[in-house]
1. DSSP loop (so not H, G, I, E, B), at most 12 other Cβ within 10 Å: list which GluC sites (Glu not before Pro) in the range 165-220 pass both filters.
2. Please go through the residue pairs Lys125/Lys167; Lys96/Lys183; Lys141/Lys176; Lys96/Lys127 and name each one whose alpha carbons sit more than 30 Å apart in this structure.
3. Starting from 0.36 nm per residue, how many nanometres of slack lie between Lys141 and Glu194 once their C-alpha separation is accounted for?
4. Add +1 for every Lys or Arg and -1 for every Asp or Glu among the other residues with Cβ under 9 Å from the Cβ of Val136, and state the total.
5. Taking the beta-carbon count within 10 Å as an exposure proxy, list Val126, Val219, Val110 from fewest neighbours to most.
6. What nm distance separates the two modelled labels at Leu97 and Trp172, each placed 7 Å from Cα along Cα→Cβ?
7. Does anything in the range 176-219 have its amide N under 16 Å from the 7 Å Cα→Cβ label point of Lys125, and if so which residues?
8. By count of other Cβ within 10 Å, fewest leading, how are Asp192, Asp169, Asp157 ordered?
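Every read-out reported here was derived from the displayed coordinates using simple, explicitly stated rules and does not represent laboratory data. In this text the structure is predicted, and so the values were computed from the model without any measurement. For neighbour counting, all protein chains shown are included, and Cβ atoms are generated from backbone atoms with ideal geometry for every residue, glycine included.
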Amino acid sequence: MNAGEDVMERHKRLIGGCCMVLVSAFTVAAAEGEGSGGRAAGANLIKNPSFEERSGPRKPYPAEPWGYGFLDTLARSPFAHWGYSGFFDGGEYDIKLGKGHTGRVAARLVCRRRGRGGICTEEIKVKPGTTLRFSVFVKAKGASGECFVNFEGDPGDGWAAIPLPRKPDYDWTEVKGTVRVPKPRGKRHQPDEEGNIRILVFIYTKAYGELWIDDVSLVPIAGGEAKEDAGEKKGRKIGTPKA
Ligand SMILES: [Ca+2]
């Protein structure tokens, strides 16, 4: 086993361990109606949301400001500000360009061996208690299996999740959800001096076939107070791999 494989194996174990962390209470309102009227929306926290900016498939990853070691060593995302791994849970997924929902290109995750693959944002700084509206356009070709959006970072890996359509074949479809950022887990993940913690958004496929992704947005719609929204419902737990 060469050094690269050794690192890969180590990180697979690490990632597998992270996935066993049980998800604490979180709220998801998947595919909710807009309902917010003319409320002023914040800026999109996702960089390169339409995948139009390339980082170059052969660009060495240390040039990107990734904060997590496993992405530093495994990722070869062709998209600026996005990480990628196709090797979770014993899977092998390629990341490729597809024809965009908007713009020229979309991200395309193509299964070679079924397991779990995904793309990941850079770290996003937010204050605990912030309510975020998430949206993504996805389409699938022969994608038999589960695909989902998973929110990770300082509050834990899988503090919220939004399922993607459970159909093998569908054209571009918008999937929306609203999540509220919990407090960080553990003393090592305390807010910085400005009160921000770090979150990441992963979009995973555990399916065969192809998952296409474009036009991702994550917009703050309410800050800090964490008041209850009547429209929210409790989401399902995701993150414990099935044997
Ligand atoms: Ca695009």
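1. Numbers: sites: Glu174, Glu193, Glu194, Glu210; in loops: Glu193, Glu194.
Loop-located and lightly packed - Glu193, Glu194.
2. Details: Lys125/Lys167 33 Å; Lys96/Lys183 35 Å; Lys141/Lys176 20 Å; Lys96/Lys127 34 Å.
Cα-Cα > 30 Å for Lys125/Lys167; Lys96/Lys183; Lys96/Lys127; rest within.
3. On the way: separation 53, 0.36 × 53 = 19.08 nm, distance 4.35 nm.
Using 0.36 nm per residue and subtracting the Cα-Cα distance, I get 14.7 nm.
4. Details: positive: Lys176; negative: Glu174, Asp214, Asp215.
Net of charged neighbours comes to -2.
5. Details: Val126 23, Val219 16, Val110 19.
Fewest-to-most ranking of Val126, Val219, Val110: Val219, Val110, Val126.
6. So the two model labels end up 1.7 nm from each other.
7. Counting backbone N atoms under 16 Å from the label point, the list is 189-200.
8. On the way: Asp192 9, Asp169 13, Asp157 20.
So the residues, fewest neighbours to most, are Asp192, Asp169, Asp157.
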